[in-house]
Ligand SMILES: [Zn+2]
């Protein structure tokens, strides 16, 4: 594998026009300074996929897929960066530099290749064993559970005999270190050679997005030991990133723009057999950022079919909220009488399961249901607790219109049919919720590690004086919009940088994503670091978080339309500053109140800053 430098990469990029490359996959139509088509990464009826030749990037306003010509090929063809580079070099007829690999690179390359090969062979070996005399017990278990032979073959299920049989089968092909690194064997405790990790278990191969085996799950049928055992963390296998069944489900997930999330191996396989081929499972129910991202890339609607108990658990809810925050329409499917999907489909059939999918409730409604007291058993205390808890749930809803609709619905339920109580309840929820929103209070699911306030505890009520400074919700939102606009303006008008630096200091942005883009762009905007090609593609290279990258292309695809960028920027700066001041004001008030309640003297520095801010704020309002 030859080594490629930046210059080679830039040459490949320059000779592969993004519009031409993408046109091979998507029918693009010219609209002004860009091309628009149906997104190849999610299913849609009206085009929201934009390709901008000036910036040589693409952005989908539907699923947020974004990037340059390299990432397009990586995402579309499931290639590594290296493979995409080679592909595009070939396409443009650029000869690959024939630089020999260093011994170190050669060793790393071979080791990786061997690790994948060992896992693939292990999967074949286990699969073969299942259909042999040794695997009789495993096979009859799977058939008894209702799987057909075809399904067993499709998922390449297997049987681990254990006691070193796998090791003996593979040791002629691979060094023991390789087999140990991918989690297939372990040294014996007495130091005499190696033994298999999996022993008398039904084996479920776990693959990555492109179908390569990266690890295994094993289910024990009898005897001691945990019911399920997964491959431990290895260089190829990380539980945080894995979704079982993804390789089999990805096509349907994209086509239907829907994913069904379940809890276990059998809960993936049985629905697949019944025709629900968009089902995947995380290993563990608390979704990680990586998993959310992968799911979001394939589908927008996510139906969660977890066990009723686990679905309600805080860790799970936090994971689901994360999924919601990445832009998924998350719905919770409730299976009657505590069954899991596997069992439910076996008992009631696919049609009944399809009906459950249709009746899945939006995540926010599911969370509201959990915190509202049941009709008839609501004491005033319970109602007050519910009010605070519900305000926290609603503060997580990003869409204002939707949020108001929920407030109305909740007030209706809490009023118990009393029309006179409803307006007051609405007001009370609004007030608590707005306070949380103004603070930028996100993810109101209690985090046991660093949360000062419990889930049901009411938010401390503000004093009379404080009410005077109550800002509308829109201040936080307005400031956020202003941050975004200012960043857009900066990327198009580097000359504004000096003003932003002078007026807002080194961290002008409160949204960490905005700040990340700003930090990466600053040396380029200032001209301190020269760069080849275009600002956007250069920035895409410098940013690592895909979410931030997507945000960047979204902004670049939707520039601020203005004839006077200076004035526009000044307005944004003013809004950002106002918001900053209001947060600082609140912070100072808290400090002053804390000092007062512990009968300490207020630090004059704090007091002076407070008074100055109050004056300034009053002046700017009048
Ligand atoms: Zn899309």
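The values are calculated or read from the model by the stated rules, or taken from the named source; none is laboratory data. What you are looking at is a predicted structure, and each value in this text was computed from that prediction instead of being measured. FYI the Cβ positions are ideal-geometry reconstructions off the backbone, even for glycines, and counts take in every protein chain you see.
Quick look at the numbers
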item: Of residues in region 12-26 being closer than 24 Å to residue 299 by Cα and either assigned to a loop (DSSP other than H, G, I, E, B) or touching a strand residue (DSSP E or B) at 6+ places or on another chain (Cβ under 6 Å) (or both), the one nearest to the ligand (Cβ to nearest atom); result: 26
item: Residue, farthest from the chain's Cα centre (by Cα), within region 52-64, restricted to residues that are closer than 19 Å to residue 254 by Cβ and modelled with pLDDT of 90 or more; result: 58
item: Residue within region 91-113 that is under 30 Å from residue 552 (Cα atoms) and either within 16 Å of the ligand (Cβ to nearest atom) or exposed (fewer than 13 other Cβ atoms within 10 Å of the Cβ) (or both) present; result: no
item: Qualifying residues in region 30-51 (those that are within 16 Å of the ligand (Cβ to nearest atom) and more than 24 Å from residue 326 (Cα to Cα)) - the one surrounded by the fewest Cβ atoms within 10 Å (Cβ to Cβ); result: 34
item: Failed item, numbered, when residue 201 is tested on (1) closer than 18 Å to residue 157 by Cα; (2) under 20 Å from the mean Cα position of the chain (by Cα); result: (2)
item: Residue list for region 491-517, filter: under 28 Å from the mean Cα position of the chain (by Cα), over 15 Å from residue 578 (Cα atoms) and touching a residue at least 40 places away in the same chain (Cβ under 8 Å); result: 491
item: Contacts under 7 angstrom Cβ, first residue in region 62-73 being assigned by TED's automatic domain parsing to the domain that holds residue 84, partner part of a loop (DSSP other than H, G, I, E, B) and more than 13 Å from the ligand (Cβ to nearest atom), 6 or more apart; result: 68/56; 69/16; 69/56; 73/79
item: Strands (runs of 3 or more DSSP E) contained entirely in region 88-198, each with at least 3 residues that are in contact with a helix residue (DSSP H, G or I) (Cβ under 7 Å, 6 or more places away or on another chain), assigned by TED's automatic domain parsing to the domain that holds residue 10 and in contact (Cβ under 8 Å) with a residue 60 or more places away in the chain; result: none
item: Flag for residue 24 being surrounded by fewer than 16 Cβ atoms within 10 Å (Cβ to Cβ) and touching a residue at least 40 places away in the same chain (Cβ under 8 Å); result: no
item: Subset of region 10-21 that is more than 10 Å from residue 88 (Cα to Cα) and within 29 Å of the chain's Cα centre (by Cα) - its residue that is surrounded by the fewest Cβ atoms within 10 Å (Cβ to Cβ); result: 19
item: Candidate set from region 66-83 (those that are crowded, with 23+ Cβ neighbours inside 10 Å and within 15 Å of the ligand (Cβ to nearest atom)); member that is modelled with the highest pLDDT; result: 72
